[in-house]
Amino acid sequence: MSNANYPVMLFALARSANARRILEIGAGPEGGSGKTFASALPEGGELWSVDINTSHPPEEVRAATEAEFKITWRVLHGDSLTVPLDALGANFDLLYIDGDHGGDHALGDFRRYAPLVRPGGLVVYDDFGMGSGVNHAITTLAAEGRQGIPLTYNTYDGNAHYVIRV
């Protein structure tokens with residue numbers, strides 16, 4: 001089943017955060033979320049992706065997206081919990097977590113990358129409500145006082161983003 005709401009919601013979240021710098025964990029085989037985020041960034045904006053698979057996102061997709069939207073898209077390859085972060089800097093406006101959905105990574109990605117988000121920025125989890133480690137991470141963060149809101153983008157299967165303001 002096609003889900004047109006997914007890119008619309010990502011675009012809206014990036015715009016609502018007035019994003020100039022976005023960090024995504026998990027670029028995916030086609031770079032779909034990255035292309036959507038790039039389209040929401042202003043000219044000169046910056047997108048960073050962390051993905052364990054060295055072919056994600058495809059180089060030709062990344063280069064074409066940079067040229068089309070006049071943004072910079074950089075990629076770090078490696079495990080999101082161990083890849084060196086020196087090049088990233090800080091003050092991201094939006095952190096999108098859609099990497100390994102196991103409990104260790106889903107929670108670990110928040111703990112590792114949320115400090116790089118500016119005060120008032122957004123952390124967005126994908127696949128909330130799908131019974132994965134993401135749900136465990138959200139429950140743990142909520143118990144620690146990190147409240148957010150679910151935004152369902154696929155009413156067919158209940159898939160949602162979970163949004164936390166930093």
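Does any residue of region 117-136 turn out to be in contact (Cβ under 8 Å) with a residue 60 or more places away in the chain, within 13 Å of the chain's Cα centre (by Cα), part of a helix (DSSP H, G or I) and closer than 17 Å to Trp48 by Cβ? No, every residue in region 117-136 fails to be in contact (Cβ under 8 Å) with a residue 60 or more places away in the chain, within 13 Å of the chain's Cα centre (by Cα), part of a helix (DSSP H, G or I) and closer than 17 Å to Trp48 by Cβ.
Taken as a whole, the condition of being without any contact (Cβ under 8 Å) to a residue 60 or more places away in the chain and either more than 16 Å from the chain's Cα centre (by Cα) or surrounded by fewer than 17 Cβ atoms within 10 Å (Cβ to Cβ) (or both) does not apply to Ala160.
Note on region 6-38: among residues that are free of Cβ contacts under 8 Å to residues at least 60 places away in the same chain and out of contact with any Phe, Trp or Tyr (no Cβ under 9 Å at 6 or more places or on another chain), the one that is surrounded by the most Cβ atoms within 10 Å (Cβ to Cβ) is Ala27.
Residues that are closer than 30 Å to Thr155 by Cα, open to solvent by less than 30 Å² (accessible area, probe 1.4 Å) and either more than 16 Å from the chain's Cα centre (by Cα) or touching a residue at least 60 places away in the same chain (Cβ under 8 Å) (or both) do occur in region 64-77. Among what's in region 41-69 and is of a type in the set (Val, Ile, Thr) and in a loop (DSSP other than H, G, I, E, B), pick the residue that is nearest to Ser80 (Cα to Cα). Taking the candidates together, the pick is Ile52. For region 82-98, a tally of residues being in contact with a Leu (Cβ under 9 Å, 6 or more places away or on another chain), closer than 17 Å to Ile164 by Cα and open to solvent by less than 30 Å² (accessible area, probe 1.4 Å) returns 5.
For every residue, the table says whether it meets (1) surrounded by fewer than 21 Cβ atoms within 10 Å (Cβ to Cβ); (2) in contact with a Cys (Cβ under 7 Å, 6 or more places away or on another chain); (3) over 19 Å from Ser16 (Cβ atoms).
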| site | (1), (2), (3) |
| --- | --- |
| Asp109 | no, no, yes |
| Val124 | no, no, no |
| Ser132 | yes, no, yes |
| Thr152 | yes, no, no |
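Restricting attention to region 1-40 and to residues that are among the β-branched types (Val, Ile, Thr) and assigned to a helix (DSSP H, G or I), the residue that is farthest from Tyr96 (Cα to Cα) turns out to be Val8. Determine whether Thr139 is open to solvent by 30 Å² or more (accessible area, probe 1.4 Å), farther than 23 Å from Ala19 by Cα and polar (S, T, N, Q). Against the criterion (open to solvent by 30 Å² or more (accessible area, probe 1.4 Å), farther than 23 Å from Ala19 by Cα and polar (S, T, N, Q)), Thr139 qualifies.
The values are calculated or read from the model by the stated rules, or taken from the named source; none is laboratory data. Computed from a predicted structure; not experimentally measured. FYI the Cβ positions are ideal-geometry reconstructions off the backbone, even for glycines, and counts take in every protein chain you see. Note: areas computed on protein heavy atoms with side chains; ligands, DNA, RNA excluded. Shrake-Rupley method; radii C 1.70, N 1.55, O 1.52, S 1.80 Å.
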